[in-house]
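This report refers to the structure that appears directly beneath it.
The values are calculated or read from the model by the stated rules, or taken from the named source; none is laboratory data. Predicted model only: the values in this text are computed from it and were never measured. A quick note on method: Cβ atoms are made from the backbone with ideal geometry, for glycine too, and the neighbour counts reach across all protein chains shown.
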Amino acid sequence: MTFFDSVVMGVVQGLTEFLPVSSSGHLALFRELLGVGLAEDVGFEVAVHTGTLIAVLIYFRRQLLKLAVDIIRDTDDGRRWALYLIIATIPAGIVGLWIKDDVERLFNDLALVGAAWIFTAVVLLISERLSASKIEPGKMGSLRALFIGAAQAAAILPGVSRSGSTIAAGLLSGVERRGAVGFSFILSLPVIAGAIILTLKDWSAGAVSLGLPHLAGMTAALISGYAAIAWMLRIVSNRKLFWFAIYCFILGAGTLIYTFGK
């Protein structure tokens, strides 16, 4: 992977990890366009995921610090948030371990990616139309947390947006808009950390190397990811998910046309 490829892929990862357009789908598409294979550079996967992880930690540092203090002090808020995050993480953990050996095949199936983008578009449109957001995320209840977690698990498929699915699930279950976004992004921490841990196993086999392109990709993912978080909070507050639905539909249809036209 060249330095230019690393920067491009880092920006793509950072922006699309937090915008409701599917980072996995965009990475699959850009790998096809740039000729970069999924298994070609495991170190890059670790680097860009680390960049997006740091972006969330920096942006939500105050909320995360308060959450940590509440958990340590065993307050009601701390117990509820910890419970909701655990419940919402379990589905993605189960599905991720179940299909981890099929991930490369899924990334290489652009027809699946195109169809999943169209699915994401439908989900965004429905959530924008039917949302009745009133509940604070710290009081959502276990069933809503499980529903959001199930939506996150579906986003393991490339083309299904993790942020889009979890935000949509939050809105449909009645969580207030900015709270749904905040919970979605904080919920990404264990998932991103888990992805890093799963790929780090290749260190023992000597399959991971780090260099300047990796650092460039991580930095690009961090900066673009931070910007995407701030942008996404404004977008959801202003009820503008419709435009991302249109984008995903066009991209999905274009990908299907490209795939079957080759």
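Quick notes on this one:
- Among the residues of region 92-126, the one identified as crowded, with 21+ Cβ neighbours inside 10 Å, over 18 Å from residue 31 (Cβ atoms) and modelled with pLDDT under 90 is 92.
- Search result, residues across region 151-183 that are outside any helix (DSSP H, G or I) and farther than 15 Å from residue 91 by Cβ: 158, 159, 161, 174, 175, 176
- Test: residue in region 194-216 that is out of contact with any His (no Cβ under 6 Å at 6 or more places or on another chain), closer than 18 Å to residue 161 by Cα and at pLDDT below 90: yes
- Filtered residues of region 209-252 (kept if closer than 16 Å to residue 45 by Cβ and of a type in the set (Ser, Thr, Tyr)): 209, 219
So that you can scan it fast, the table gives a plain yes or no per residue for (1) surrounded by 18 or more Cβ atoms within 10 Å (Cβ to Cβ); (2) in contact with a Gly (Cβ under 9 Å, 6 or more places away or on another chain); (3) assigned to a loop (DSSP other than H, G, I, E, B):
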site: 17; (1), (2), (3): yes, yes, no
site: 51; (1), (2), (3): yes, yes, no
site: 68; (1), (2), (3): no, yes, no
site: 79; (1), (2), (3): no, no, no
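- So residue 73, is it under 20 Å from residue 223 (Cα atoms), without any contact (Cβ under 8 Å) to a residue 40 or more places away in the chain and surrounded by fewer than 22 Cβ atoms within 10 Å (Cβ to Cβ): no
- Conditions (1) surrounded by fewer than 23 Cβ atoms within 10 Å (Cβ to Cβ); (2) at negative phi: number failed by residue 158: (1)
- Selection within region 231-261 - among the polar types (S, T, N, Q), assigned to a helix (DSSP H, G or I) and exposed (fewer than 13 other Cβ atoms within 10 Å of the Cβ): 237
- Any hit, region 21-30, residues being part of a helix (DSSP H, G or I), within 24 Å of residue 254 (Cβ to Cβ), of a type in the set (A, V, I, L, M) and more than 20 Å from the chain's Cα centre (by Cα): no
- Residue identified as within 14 Å of the chain's Cα centre (by Cα) and within 18 Å of residue 251 (Cβ to Cβ) among 193, 115, 168, 153: 168
- Of all the criteria given as (1) farther than 30 Å from residue 171 by Cα; (2) hydroxyl-bearing (Ser, Thr, Tyr); (3) at pLDDT 90 or above, the one not satisfied by residue 224 is (1).
- Considered as a group, the residues in region 171-190 that are hydroxyl-bearing (Ser, Thr, Tyr) and under 11 Å from the mean Cα position of the chain (by Cα) include one that is modelled with the highest pLDDT, and that residue is 184.
- Options 168, 195, 150, 145: the member that is within 20 Å of residue 46 (Cα to Cα) and either out of contact with any Lys or Arg (no Cβ under 7 Å at 6 or more places or on another chain) or surrounded by 24 or more Cβ atoms within 10 Å (Cβ to Cβ) (or both): 195
- Residue that is modelled with the lowest pLDDT [pool: residues in region 34-49 that are part of a helix (DSSP H, G or I) and of a type in the set (A, V, I, L, M, F, W, C)]: 42
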